[in-house]
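A short write-up of the structure that comes next.
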Amino acid sequence: MNTILRLQLPTDPRWVNLAEKSIEDILTDHAYCEQKAASSCISLIQQYPEKTELVEQLAPIVTEEWGHFRMVLTELKKRNLKLGRQRKDEYVNELLKFVRKGVSRDEQLLDKLLMAGLIEARSCERFKLLWKGIADEALQNFYYRLMVAEAAHYTLFLELARLYMPAEVVRKRWQEWLAFEAELMQNLTPRGDRMH
């Protein structure tokens, strides 16, 4: 999976054990991640309405991510757990610092698409770990389905990047994003109450 996703640093395997001990927290954090994914797509559509392909491709993703949010709420309810409060997403906040300022609109779009792709890739990797490593069989199936969906989203964001920028520019910047994310992962303490 990491080869496909191109992530340079795999998640510490202990993360699944931590997550399993705090299912209410991990599901709550996951719910807000899905909500933010939908919001990010809406934001891209609002910022780049002239990019017809982007608008057409991301509109259904908004619906899908919101559907995932509702699916996570169902999993919480099944277990008599509550949706807790949203907490700061240190991972995403650090990634945001790597989005370039003072560049062209298209270069900013490139960074936003690559960042979105990277978040989907890391989510996909984490969902795979939960699918393979969590004892709860219902959650195994749940995370398998989501893993497949996130992999498709990751691919779409990279395809959109290549649609609007030359392939070589995308490839070079993607390598920079991957290196930055690997360093970030190395410096973040694995937390079982966070999806990232």
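The values are calculated or read from the model by the stated rules, or taken from the named source; none is laboratory data. This one's a predicted model, so the numbers in the text were calculated from it and none came from an experiment. Note: ideal-geometry Cβ built from the backbone for every residue, glycine included; neighbour counts use all protein chains shown.
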Looking at K128, K132, K101 in this structure, which one is of a type in the set (D, E, K, R), over 15 Å from the mean Cα position of the chain (by Cα) and under 19 Å from L9 (Cα atoms)?
K132
Filter the stretch 97-126 down to the residues that are hydroxyl-bearing (S, T, Y) and under 19 Å from E50 (Cα atoms) and list them by number.
S104
Collect the residues in the stretch 75-114 that are hydroxyl-bearing (S, T, Y) and surrounded by 12 or more Cβ atoms within 10 Å (Cβ to Cβ), keeping them in residue-number order.
Y91
Given the condition of a type in the set (S, T, Y), assigned to a helix (DSSP H, G or I) and out of contact with any strand residue (DSSP E or B) (no Cβ under 6 Å at 6 or more places or on another chain), answer yes or no: does some residue in the stretch 72-80 qualify?
yes
Options A59, A31: the member that is surrounded by 15 or more Cβ atoms within 10 Å (Cβ to Cβ), at pLDDT 95 or above and assigned to a helix (DSSP H, G or I)
A31
